[in-house]
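The values are calculated or read from the model by the stated rules, or taken from the named source; none is laboratory data. This structure is a prediction, so every number in the text was calculated from the model and none was measured. For neighbour counting, all protein chains shown are included, and Cβ atoms are generated from backbone atoms with ideal geometry for every residue, glycine included. Remember, those area values only see protein heavy atoms, side chains included, never the ligands or the DNA or RNA. Shrake-Rupley method; radii C 1.70, N 1.55, O 1.52, S 1.80 Å.
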Amino acid sequence: LFVCMGNICRSPTAEAVFRHKAREAGLLDRLSIDSAGTHDYHPGAPPDARSQAHARRRGYDLSMLRARHLRAEDFTRFDLVVVMDEGNRVAASSRAAAAQQAKVRRMLEFWPEAVARGWRDVPDPYAGGAADFERVLDWVEAASEGLLAYVQTQLTPPRR
């Protein structure tokens, strides 16, 4: 589960990018991928038009996604709750039971270059311009590679 504040920019972008990478790796049918927001600002709304336009140019379709609020049951349903920044880490962690705290992880921790540079947060592009939306895509694509590699180490082999 990918999580940002309103679930209209970063987390739906991450959902679409990761879904694409999982499909390419032949893992889509073994994963449950979704996104949510820590704030209930835009329930049922499609992703921001700018997020959709920038993603579309890279081959990602966000048009069918709809914003929703992070729910307590998400911590039971998902093995990972991948947040975009510190504020959303705190907000998500505050809703998780003690036994579920380890499920809350930052997106950029899966990108070795970001870790090496000390980058911790995927910046919110909402108040920015085109370059900000492109940066989100660049960073989410890079982190999704590492996240996919991590997820692959956690999967049990398919039954024969």
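How much accessible area per residue does segment 29-160 have, counting only protein heavy atoms and a probe of 1.4 Å, in square angstrom?
Accessible area per residue, segment 29-160: 56 Å².
Suppose each label sits 7 Å from its Cα in the direction of the beta carbon; what would the HIS39-ASP61 distance come out to in nanometres?
Label at HIS39, label at ASP61, 3.1 nm between them.
Checking understanding here: applying a Kyte-Doolittle mean of at least 1.0 and a length along the axis of at least 30 Å (C-alpha), which whole DSSP H helices in the chain pass?
Helices meeting the span and hydropathy rule in the chain: none at all.
Could you work out the equivalent-ellipsoid semi-axes for the chain, taking the square root of 5 times each eigenvalue of the Cα gyration tensor, largest first, in whole Å?
Values for the chain, descending: 22, 19, 16 Å.
Of the peptides 45-53, 27-35, how do they stack up when ordered by the mean number of other Cβ atoms within 10 Å, highest first?
45-53, 27-35
Quick check: pseudo-label points 7 Å beyond the Cα along Cα→Cβ at ARG117 and LEU28, how many nm apart are they?
3.0 nm
Exactly which trypsin sites (Lys or Arg not before Pro) in segment 117-146 are in a DSSP loop and have at most 14 other Cβ atoms within 10 Å?
Values: sites: ARG117, ARG120, ARG135; in loops: ARG120.
Sparse-neighbourhood loop trypsin sites (Lys or Arg not before Pro): ARG120.
Sort segment 6-67 into rounded, prolate or oblate with this rule: let a ≥ b ≥ c be the square roots of the eigenvalues of the Cα gyration tensor; rounded if a/c is under 1.5, and if a/c is not under 1.5, prolate when a/b is larger than b/c, oblate otherwise.
oblate
Counting Lys and Arg as +1 and Asp and Glu as -1, each charge on the Cβ, what is the dipole of segment 107-160 about the Cα centre in debye, to the nearest 20?
Working: 5 positive and 9 negative charges, 89 e Å.
With only Lys, Arg, Asp and Glu charged at Cβ, the dipole is about 420 debye.
Once you have the Cα-Cα distance between ALA131 and VAL90, take 0.36 nm times their residue separation minus that, and quote the gain in nm to one decimal.
Roughly 12.1 nm would be gained on extension.
Amide H of ARG105 versus every other amide H placed in the peptide plane: which residues, excluding those fewer than 5 positions away on the same chain, fall under 5 Å?
The list, which skips near neighbours in sequence, is VAL81, VAL82, VAL83.
State whether segment 88-138 is rounded, prolate or oblate according to the following rule on the C-alpha gyration tensor (a ≥ b ≥ c being the square roots of its eigenvalues): a/c under 1.5 gives rounded; otherwise a/b larger than b/c gives prolate, and the remaining case gives oblate.
Judged from the Cα gyration tensor, segment 88-138 comes out oblate (a/c at least 1.5, b/c at or above a/b).
Counting only protein heavy atoms and a 1.4 Å probe, tell me what percentage of the chain's accessible area is made up of carbon and sulfur.
On the chain, the fraction of accessible area on carbon and sulfur atoms equals 52 percent.
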